[in-house]
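The values are calculated or read from the model by the stated rules, or taken from the named source; none is laboratory data. Quick caveat: nothing in here was measured; it's all calculated off a predicted structure. Here the Cβ positions follow ideal geometry from the backbone for every residue, glycine too, while neighbour counts run over all protein chains shown. Calculation scope for accessible area: heavy atoms of the full protein, side chains included, ligands and nucleic acids excluded. Shrake-Rupley method; radii C 1.70, N 1.55, O 1.52, S 1.80 Å.
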There are 2 protein chains.
Amino acid sequence: MATPERPYHHGNLARALLDAAAEVIGEMGPAQMSLREVARRSGVSNAAPVHHFGDKAGLFTALAAEGFERLADTLSAATDGSADGQVDPAEVFLEIGVAYVRFAVANRAHFEVMFRPELYHRESSDVLAAASRAAQHLYGPAADVIGDGITDDRDAGTIAWSLVHGFATLVLNGNLDTEASADPEGTVRRLGRLAFSPKGGAAVP
Amino acid sequence: MATPERPYHHGNLARALLDAAAEVIGEMGPAQMSLREVARRSGVSNAAPVHHFGDKAGLFTALAAEGFERLADTLSAATDGSADGQVDPAEVFLEIGVAYVRFAVANRAHFEVMFRPELYHRESSDVLAAASRAAQHLYGPAADVIGDGITDDRDAGTIAWSLVHGFATLVLNGNLDTEASADPEGTVRRLGRLAFSPKGGAAVP
DNA sequence: GCGCCGAACTTGTCAATGAAAAGTTCGATA
DNA sequence: TATCGAACTTTTCATTGACAAGTTCGGCGC
């Protein structure tokens with residue numbers, strides 16, 4: 001009996017290729033991802049992706065843009081959940097950092113591509129716009145924690161981003177201990193409080 | 001007139017291949033490094049590296065091990081320069097972080113390979129030993145800053161490593177501002193003081 | 001309903017790649 | 001001086017990214 005064949009037009013090939021690419025990267029890392037393997041897993045010929053993404057770097061570009069979009073959404077949700085002003089701004093800032101780590105762990109393939117600009121067309125307007133939107137959600141709330149000895153909101157943003165980006169990266173490449181690997185969000189929440197709270201006194205409960 | 005040819009035995013091919021690999025990675029990133037290009041730049045045939053490194057992952061393994069060795073040496077030097085006990089331990093801890101960022105910027109190719117374990121044989125005893133020695137220099141002095149609200153030296157080490165690793169990574173992939181890119185060491189020294197010093201009071205001068 | 005156009009594919013080809021096998025050249029040693 | 005193995009070179013093969021040419025349909029205008 002003939003196997004049921006996919007019609008000539010895939011119907012949603014771009015989406016399928018992005019998903020397959022994320023899957024391959026999750027298994028082997030960005031450096032070992034091949035267009036042919038991505039096409040195979042999507043059930044099309046090796047030249048099919050050209051119509052949607054142009055070339056390999058084009059596929060990486062789409063992944064990076066999607067990653068920054070998802071990050072911006074994740075950080076936006078972490079901010080908006082407390083927009084009523086009734087929550088300590090420092091706690092909101094902390095939860096944004098936790099959301100960043102949650103995003104990195106849940107979207108490891110995207111996260112690894114996003115921060116390797118040599119893989120993609122870094123001047124892509126989609127990527128630049130999405131990255132800018134994500135950065136706004138990282139730097140924006142930094143203004144709320146000025147006064148903890150840190151008087152420049154860009155400094156607070158850079159410290160926070162460095163901390164959570166470094167933590168996420170070290171967890172993903174297996175360099176931190178079992179607590180951090182087993183519970184990245186809980187660990188970064190605890191460490192973030194230590195790093196950003198008044199010394200010697202009660203931290204945010 | 002015949003060009004002067006290299007004798008059949010290169011004489012120091014392993015070293016030449018490591019240097020050429022770092023050069024290629026510096027130009028194109030780890031994902032685009034090819035053994036054939038590395039061999040060409042070393043003046044040998046494409047199969048010559050096999051004798052020294054086995055395969056492509058073997059070359060990456062050697063680069064990673066060398067990178068962790070260099071990092072350990074850099075951090076050791078940052079520690080030893082103040083072993084006489086006359087320097088504020090918090091300042092030593094800060095300078096170790098600065099040395100980490102200096103290493104990352106100066107050895108960008110090695111740094112990028114070191115933290116991508118999917119590229120190399122991560123169970124390599126050379127890599128594990130060198131990485132362990134480097135980690136000791138990162139975590140060791142963390143004990144000296146307990147009392148700043150941070151009561152666990154592993155927590156201090158993880159916060160510090162996350163901060164400087166994240167900062168170095170974000171500088172290298174062009175995500176931080178022009179101050180950080182133009183003066184990574186100065187910027188991370190300043191931010192490190194903010195992050196680790198008593199709030200509201202005089203920081204380490 | 002038909003014809004047409006272009007989107008969305010497939011097939012075939014080529015140069016470059018990693019890996020492997022076989023062969024060659026020397027350096028070190030007995 | 002002869003031998004052995006380290007340290008290469010040459011050749012081959014499967015896979016890859018990219019490209020060109022060809023084919024299949026979906027959508028649209030008439």
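Would you be able to tell me the number of residues in the range B:1-20 that are near DNA strand C (Cβ under 10 Å from one of its atoms) and modelled with pLDDT of 95 or more? Adding up the residues that qualify gives 0.
Restricting to the range A:101-126, what's the tally of residues that are more than 12 Å from chain B (Cβ to nearest Cβ) and either surrounded by fewer than 16 Cβ atoms within 10 Å (Cβ to Cβ) or in a helix (DSSP H, G or I) (or both)?
At the first step, the residues of the range A:101-126 found to be more than 12 Å from chain B (Cβ to nearest Cβ) are A:102-103, A:105-107, A:110, A:121, A:124-126.
Retained after the next criterion (residues that are either surrounded by fewer than 16 Cβ atoms within 10 Å (Cβ to Cβ) or in a helix (DSSP H, G or I) (or both)): A:102-103, A:105-106, A:110, A:125-126.
Residues meeting the conditions: 7.
One residue is enough: does the range B:78-91 have a residue meeting the conditions out of contact with any Leu (no Cβ under 6 Å at 6 or more places or on another chain), under 30 Å from residue B:17 (Cα atoms), assigned to a helix (DSSP H, G or I) and open to solvent by 40 Å² or more (accessible area, probe 1.4 Å)?
Step one: list which residues in the range B:78-91 are out of contact with any Leu (no Cβ under 6 Å at 6 or more places or on another chain), which gives B:78-91.
When the remaining residues are screened for being under 30 Å from residue B:17 (Cα atoms), the result is B:78.
Next, from what is left, pick out any that are assigned to a helix (DSSP H, G or I): B:78.
Those left that are additionally open to solvent by 40 Å² or more (accessible area, probe 1.4 Å): none.
No, the conditions are met nowhere in the range B:78-91.
Contact map, the range B:154-169: residues that are under 10 Å from residue B:97 (Cβ atoms) paired with residues that are hydroxyl-bearing (Ser, Thr, Tyr), Cβ distance under 7 Å, separation 6+ or inter-chain. Pairs shown: B:163/A:162; B:164/B:100; B:165/A:169; B:167/A:162; B:168/B:100. Checking B:60, B:111, B:68 one by one, the residue that is hydrophobic (A, V, I, L, M, F, W, C), closer than 20 Å to residue A:174 by Cα, out of contact with any Gly (no Cβ under 8 Å at 6 or more places or on another chain) and more than 16 Å from DNA strand C (Cβ to nearest atom) is B:68 and no other.
Restricting attention to the range B:15-64, which residues are farther than 14 Å from residue B:109 by Cβ, open to solvent by less than 30 Å² (accessible area, probe 1.4 Å) and either away from DNA strand D (no atom under 12 Å from the Cβ) or assigned to a helix (DSSP H, G or I) (or both)?
Initially, the range B:15-64 is screened for residues farther than 14 Å from residue B:109 by Cβ, giving B:15-16, B:34-36, B:39-40, B:42-58, B:61.
Among the residues that remain, those that are also open to solvent by less than 30 Å² (accessible area, probe 1.4 Å) are: B:16, B:39, B:42, B:44, B:48-49, B:57-58, B:61.
Hits for the range B:15-64 are B:16, B:39, B:42, B:49, B:57, B:58, B:61.
Here residue A:134 does not qualify as touching a residue at least 24 places away in the same chain (Cβ under 8 Å), over 19 Å from residue B:191 (Cα atoms), more than 12 Å from chain B (Cβ to nearest Cβ) and crowded, with 18+ Cβ neighbours inside 10 Å.
Any residue that is within 16 Å of DNA strand D (Cβ to nearest atom) and in contact with a helix residue (DSSP H, G or I) (Cβ under 7 Å, 6 or more places away or on another chain) - is there at least one of those in the range A:71-88? Don't jump to the end; show me each part of the working.
Step one: list which residues in the range A:71-88 are within 16 Å of DNA strand D (Cβ to nearest atom), which gives none.
Taking every residue of the range A:71-88 in turn, none turns out to be within 16 Å of DNA strand D (Cβ to nearest atom) and in contact with a helix residue (DSSP H, G or I) (Cβ under 7 Å, 6 or more places away or on another chain).
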